[in-house]
Protein chains: 2
Amino acid sequence: MTAREAMPNAYVAGKGNLSDEDATLVARRDRALGPAYRLFYETPVHLVRGEGVWLYDSAGKAYLDTYNNVASVGHCHPRVVAAMASQAATFASHTRYLHEAILDYSERLLVTFPSALSHMMFTCTGSEANDLALRIAREHTGGTGVIVTENAYHGVTLAVSGFSPSLGPGVPLGAHVRTVPAPDPELGDRAGEVFAAGVQAAIDDLRRHGIRPAVLIVDTVFSSDGVIPDPAGFLAPAVAAIRAAGGLFIADEVQPGFGRTGAGMWGFSRHGIVPDMVSLGKPMGNGYPVAGLVLRPEPVERFGAKGRYFNTFGGNAVAAATASAVLDVIEDEGLIGNAKVTGAYLADGLRALAGRFDAIGSIRAAGLFIGVDIVAADQPDARRTHRIVNALREAGVLISATGRNANTLKIRPPLVFGRDHADIFVDRLDGVLRALA
Amino acid sequence: MTAREAMPNAYVAGKGNLSDEDATLVARRDRALGPAYRLFYETPVHLVRGEGVWLYDSAGKAYLDTYNNVASVGHCHPRVVAAMASQAATFASHTRYLHEAILDYSERLLVTFPSALSHMMFTCTGSEANDLALRIAREHTGGTGVIVTENAYHGVTLAVSGFSPSLGPGVPLGAHVRTVPAPDPELGDRAGEVFAAGVQAAIDDLRRHGIRPAVLIVDTVFSSDGVIPDPAGFLAPAVAAIRAAGGLFIADEVQPGFGRTGAGMWGFSRHGIVPDMVSLGKPMGNGYPVAGLVLRPEPVERFGAKGRYFNTFGGNAVAAATASAVLDVIEDEGLIGNAKVTGAYLADGLRALAGRFDAIGSIRAAGLFIGVDIVAADQPDARRTHRIVNALREAGVLISATGRNANTLKIRPPLVFGRDHADIFVDRLDGVLRALA
């Protein structure tokens, strides 16, 4: 497997059908950005404008965005842009001066969490949030061991890339990192018990190597493992296992958080657990680089007494004002309710398609986060998945693939996605599946 | 030494002279943000507005900002805000689609570097840039050893905080990290040779422990070591030493970069060297969270072939447009020239003060980055430095302290600082020194 193959839907030089203009941009990218950057699609998309659930390329072609979970309240939402611009024109400095914005935001966000989670810390990226969580957990537990799922993605710092196996075999895992199979929804009620047994085996193996467990960290909707929301509650036994071993449980809400699952603000809620720390990112500022960590006070006591945390841009006044506007929009436009209702409607549409196309296997949905397995003779079919993703791109729909076998369509549109958009998506997927059949 | 004492000018609860309103904000901070956050000053400053080199508190009092190097082209610069808002309202997505903004910016910025430095990678923070630099260097060199100066600060990820000794004894250094004495400007022409000898000793010690050296990383103006720009050229022998050992040299330009030293865009230039990688941050977006890494192609070849780098917000279209507006302002307002001229004027004014006050020891200046040692009987005097910093705050001037002995006034105002501002600063410092004498 090459590094490019390790990333589903990566552009491979020399393939595709680029315009002269876009080929020039690709060449400029290679020269200026170097070899570590990847584009999406066989023929990369050259975007110039976004609005709501729509993105537009340089030729004016419209794409229905069913993939980008950062612009969660809609691309270029005017209320969010206005809040950002207004604060940036007034005051934009950092957390070592007193300022209301960060406090107003923190208090407002903390209300959406169980009361045990009473502190909020600010970073600029989800990677930084997970990195900070590990720093705090190491200080609190005295351990260094990290347990993640087999195809987890948690970020790109040295420490966090070391527990993000989905980055592929070219990116080394840390010596103190153990991977466990993701929960298997096919096991139904036994999924939690089997997952916890995997976590316990990892704990035992860490100890066998003289490593004290520090954290179990999971994306609570298991995005890169293929989207695994159900059966609700399956996380609880694993959380109990890591705590019994002296470790902490970190819920990575960078992808499921801020209402995407349609069942409240946070993905962990469906599992009836209270994490020790919760990391936040992508949709928090609708594209503005703001992220953070919500946590119980105990883990950070020692960390805060022995040292300090300062992130120059993290929690600056503009970040707080922008993130606050995102909460306004989520509330005022009823986006959690919409994620639930439209998500269910979209999932129903996909299930109807599944009745007509053998290529569709399992469908797993939680609000507007849906995974659709693509199979051939009931086996994962990464090649067919790739063809569907790229045919949809030609048909004006942006999507990508995920999962350990790269055969899961990853559907996570902006939360302003409506029934009409769901109809368009199902219709175009229908067309693509018919053409490929 | 307590953790709060490890940070110069940290607010200590119960001290100071807070208004009821501000005391309430402090209490809200403690509750919401927890124990790892620090405020500046005996009496924290409650800021609400910024413009140019001025910041205003909630009572309308104006503060001359001689400290904040993030809002480098001036607080809330309207051109930068407008560019950010305009792009955010149009398109704000990431580097896996084709978009001109990131390429236009990268090519424009790369022109300011020696031609060997031909790639640019984007992160959101200087911490992430230095973390990425280490990941790349580890892959390229096969080593893990890191050499930094005794009071270096490079950032806050797990890996980078592990080579940021200025965070204090409560934050563990990495097992593969060695510290060396910062260059000693008192040694004159021998400073480079002595610094290189320290680096060589660290290389030898790493090897003695079976650790292969990966990088020497320094802030090229040694901000947290007390501001050490001269004698120009002193870095060259140490750079040669790390390269001879198979390691890379990383110039951390997060603080000196983007024209602050008044002698061109980058702090490393004065030393007649070409780094293997250069990290960028703070002033790059005038407060917008954008940072990055400029590097020779060779170190990233293997890293890019084996894996990929994607930073969700890093290099997004808004980041590129905002950073580009910052370059516009630097050019159109002649800020590098201003840093040189006004910096020299300010340094002259401070030297004149030094003739009248024994409390002022050595003055080290490079453009608008100036370190002023505060002494008593020629010995470092952290307590007096602290009193000066806080008396200036009362007199309406924001500043802080730095250096291994916390006795260096750190002067690094926005680059739009003019002669009139320099006069105000010298005059108020004069008043403070007279009052304290």
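Coordinate-derived values only; no laboratory data. Note that the structure is predicted; figures quoted are calculated from it, not measured. All Cβ positions, glycine included, derive from the backbone under ideal geometry; neighbour counts span all protein chains shown.
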How much of the DSSP bridge set in segment B:281-437 is antiparallel, in percent, rounded to the nearest 5? 95 percent
Can you tell which of B:GLY257, B:GLY403, B:GLY170 shows the greatest fluctuation in a Gaussian network model of chain B with Cα springs below 10 Å? B:GLY170
Shape verdict for the protein assembly as shown, please, from the Cα gyration tensor: rounded (a/c under 1.5), prolate (a/b greater than b/c) or oblate. prolate
In Å, the Kirkwood hydrodynamic radius of segment B:196-291 over pairs of distinct alpha carbons? 14.0 Å
State the dimensionless ratio Rg/Rh of segment B:336-437 (Rg: radius of gyration of Cα atoms; Rh: Kirkwood radius). 0.93
Can you check how the C-alpha radius of gyration of segment A:85-132 compares to 2.2 N^0.38 Å, as a plain ratio? 1.33
Taking square-rooted eigenvalues a ≥ b ≥ c of the alpha carbon gyration tensor, is segment A:78-332 rounded, prolate or oblate, where a/c under 1.5 means rounded and, failing that, a/b exceeding b/c means prolate? prolate
Copy-to-copy label separations for A:GLY431, where each label sits 7 Å from Cα toward Cβ, in nm and ascending: 7.2
Mean separation of Cα contacts under 8 Å (6+ apart) over length of chain A, as relative contact order %: 21 percent
Could you pull out the longest piece of chain B with no exposed loop trypsin sites (Lys or Arg not before Pro) in it, calling a site exposed if DSSP puts it outside H, G, I, E, B and it has at most 13 other Cβ atoms within 10 Å? B:62-355
When chain B is treated as a Gaussian network with springs between alpha carbons less than 10 Å apart, the largest mean-square fluctuation among B:GLY314, B:GLY142, B:GLY361 is found at B:GLY142
From Cα pairs below 8 angstrom and at least 6 apart in sequence, can you work out the relative contact order of segment B:93-248, rounded to a whole percent? 23 percent
Where both partners of a DSSP beta bridge lie in the protein assembly as shown, what percent of those bridges are antiparallel, to the nearest 5? 65 percent
At 7 Å along the Cα-to-beta-carbon direction for both A:TYR345 and B:ALA240, put a label point, then send me their distance in nm to one decimal. 7.2 nm
In chain B, what is the volume of the convex hull around the alpha carbon atoms, normalised per residue and reported in Å³? 146 Å³
Among DSSP beta bridges lying fully in segment A:229-331, give the percent that are antiparallel, nearest 5. 50 percent
What list of ³J(HN,Hα) couplings, whole Hz, do you get for segment A:409-419 from phi and the Karplus terms 6.51, -1.76, 1.60, once you set θ to phi - 60° and write x for glycine and proline? 5, 9, 10, 8, x, x, 6, 8, 4, x, 4
Just check segment A:1-152 against the gyration tensor rule for me: Cα atoms, a ≥ b ≥ c as the square roots of the eigenvalues, rounded for a/c under 1.5, and otherwise prolate or oblate depending on whether a/b exceeds b/c. oblate
On average over all directions, what projected area in square nanometres does segment A:251-355 have, based on the convex hull of its Cα atoms? 8.5 nm²
Can you give the calculated 222 nm mean residue ellipticity of the protein assembly as shown, where each DSSP H run of n ≥ 4 adds -39,500 (n - 2.57) and the sum is split over every residue, rounded to the nearest 500 deg cm²/dmol? -12000 deg cm²/dmol
What percent do you get for the relative contact order of segment B:346-437 when only Cα pairs under 8 Å and 6+ apart count? 29 percent
So, R0 is 60 Å and r is the distance between the beta-carbons of B:ALA435 and B:ARG302; what FRET efficiency does that work out to, to 0.05? 0.50
